[in-house]
There are 2 protein chains.
Amino acid sequence: MKLTEAEWQIMNALWQKHPATARDIMDRLPAGVNWAYTTIKTMLTRLVEKQAVGEVKQGNTSVYEPRVSQQKARLSAFRSLLDQAFDGAVGPLVHFLAEEKQLTAKERAELKKILDREADGKGE
Amino acid sequence: MKLTEAEWQIMNALWQKHPATARDIMDRLPAGVNWAYTTIKTMLTRLVEKQAVGEVKQGNTSVYEPRVSQQKARLSAFRSLLDQAFDGAVGPLVHFLAEEKQLTAKERAELKKILDREADGKGE
DNA sequence: TGCGATCTTCGACATATGTAGTAGAATGGC
DNA sequence: GCCATTCTACTACATATGTCGAAGATCGCA
């Protein structure tokens with residue numbers, strides 16, 4: 001499930017609260033994204049075709065619902081980034097994060113904590 | 001500096017060793033990427049236009065050199081992912097990484113190892 | 001019940017992206 | 001010097017993406 005940039009905007013708004021109408025989504029788009037109503041409809045149509053979103057009519061109005069979870073979409077995007085820019089491995093990414101100082105001590109600690117929990121709680 | 005998927009392939013090959021000719025790059029592309037020579041040339045031309053790559057003629061042959069570092073390109077891609085899919089913050093990504101069962105035990109272990117090393121090696 | 005507000009469906013169009021063929025110039029070995 | 005090989009510069013073209021506008025179907029309220 002590969003989403004384009006514009007599609008991410010729509011999905012983000014939809015995940016926030018759903019089901020939602022095109023109008024709802026329009027109102028929830030970040031300030032600065034000032035798309036025409038029909039632009040949003042076009043995006044939704046394409047997302048429905050892609051099966052990323054479900055559509056049900058209520059009276060004359062379509063109501064939308066995500067069909068892919070945010071988690072799944074994130075995973076897909078994350079994997080793509082990894083494959084494309086980090087040799088497909090988490091290691092180079094973590095190194096990068098460390099060197100770029102993108103990770104604060106707090107975040108690092110949190111990540112470790114959660115990883116520890118993961119490790120014994122449910123190691124595979 | 002936003003690179004497309006195909007452009008990443010070229011850049012990855014170029015960063016590997018440079019300067020390099022189109023032919024060099026062609027040989028270094030991952031198996032499975034079997035582009036025609038002219039396809040690679042087209043990509044290179046576009047990358048030069050974008051100032052992502054420098055070009056110098058040697059005889060009748062162009063020799064290419066990256067103009068953006070891998071580090072910079074990675075940062076840009078990483079930022080894009082964050083903005084687009086993770087509310088623009090590292091926190092949600094860290095969470096995601098931790099929660100995601102899709103990460104193999106190996107990757108998790110590696111992550112932890114690096115985090116440990118980072119932790120005492122250089123406090124920030 | 002009539003009208004403005006709102007929806008929907010279609011079509012359109014520019015730019016971006018992926019992928020490559022052609023034609024002509026330069027090169028190098030014989 | 002000549003020819004096959006290899007380059008470069010152009011052009012081309014399909015599909016993807018970002019953005020709507022127009023026209024007609026509906027709804028809800030005065």
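Where a number appears in this text, it was derived from the coordinates with a stated rule and is not lab data. Quick caveat, the model's predicted, so the values are computed rather than measured. Don't worry about glycine lacking a Cβ; one is built from the backbone with ideal geometry, like all the others, and counts go over all protein chains shown.
Across the stretch A:52-61, computed HN-Hα scalar couplings (Karplus, 6.51 cos²θ - 1.76 cosθ + 1.60, θ = phi - 60°) run 8, 9, x, 10, 9, 8, 10, x, 9, 10 Hz from first to last residue, x flagging Gly and Pro. In the assembly of identical copies, A:Trp15 has its label point, taken 7 Å from Cα in the direction of the beta carbon, separated from the corresponding points by 2.6 nm (ascending, one decimal).
Amide H to amide H distances under 5 Å link B:Thr21 with B:Tyr64, where only residues 5 or more positions off or on other chains count and H is placed in the peptide plane. Between the alpha-carbon centres of the stretch B:44-63 and the stretch B:1-43 there is a gap of 12 Å.
Sorted from closest to farthest, the other copies place their A:Thr61 label points 6.6 nm away, with each point set 7 Å from Cα along Cα→Cβ. Take peptide A:84-97, look around each residue's Cβ out to 10 angstrom, count Cβ atoms belonging to other protein chains, and average those counts. Mean shielding by partner chains, rounded to a whole number: 6. Partner shielding of B:72-78 amounts to 4, given as the average count of beta-carbon atoms from other chains within 10 Å of each residue beta-carbon.
Counting only Cβ charges, +1 for Lys and Arg and -1 for Asp and Glu, the dipole size of chain B around its Cα centre is about 360 debye. Distance between the modelled labels on B:Val33 and A:Ala105, one decimal in nanometres: 4.0 nm (7 Å Cα→Cβ projection). Enumerate the lysines that B:Lys41 could reach by cross-link, defined here as Cα to Cα under 25 Å, with residues fewer than 8 away along the same chain left out. By straight Cα distance, B:Lys41 reaches B:Lys2, B:Lys17, B:Lys50, B:Lys57, B:Lys72.
Starting from the label point of A:Lys106 at 7 Å along Cα→Cβ, the same points in the other copies fall at 3.5 nm, in ascending order.
Straight-line cross-link reach from A:Lys106 at under 16 Å between alpha-carbon atoms covers these lysines, not counting any fewer than eight positions away in the same chain: B:Lys112, B:Lys122.
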